[in-house]
Amino acid sequence: MTNTLMTAQEFVDKWRRSKLKESAGSQSHFNDLCRMLGHPTPAKADPEGASFTFEKGATKRTGGEGWADVWKKGFFAWVHGACWLQDGYTGFARSEGFSREGRKNPRR
């Protein structure tokens, strides 16, 4: 898979037509977002998935466990349709964000 750039218009045209369910399209959607922004995809940037990966288990700051569709250590935990960005003082955003450290995905 290449990491070629995608224009904003190509991104919009592709995803406006999409009828995929979240589980079928979220990783492709995020990879295309990376391509549009000129950022390496998770697999390209971190082939081992230690700090930038899909499907990362994480502890919520409000308690309990959850799954981030995309996680980049120290930066964000992304759940398709919402994103909790790290705030420099208290970890991730105040709502139902995830803690700074993800947890191991037992499904792998």
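No value in this document is a laboratory result; all are computed from the given coordinates. This one's a predicted model, so the numbers in the text were calculated from it and none came from an experiment. Here Cβ is always computed from backbone atoms with ideal geometry, including for glycine, and neighbour counts include all displayed protein chains.
Observations on the structure shown:
- Between residue 15 and residue 50, the simple label model (points 7 Å from Cα in the Cβ direction) yields a spacing of 3.0 nm.
- Hull volume in cubic angstrom per residue (convex hull over the Cα atoms of the stretch 1-41): 62 Å³
- Exposure proxy ranking, count of Cβ atoms within 10 Å, fewest first, for 35, 17: 17, 35
- The amide H of residue 61, built 1.01 Å from its N in the peptide plane, has 97, 98, 99 as neighbours under 5 Å, considering only residues 5 or more places off or on other chains.
- Across the stretch 1-68, C-alpha contacts under 8 Å between residues 6 or more apart give a mean separation that, scaled by the residue count, equals a relative contact order of 24 percent.
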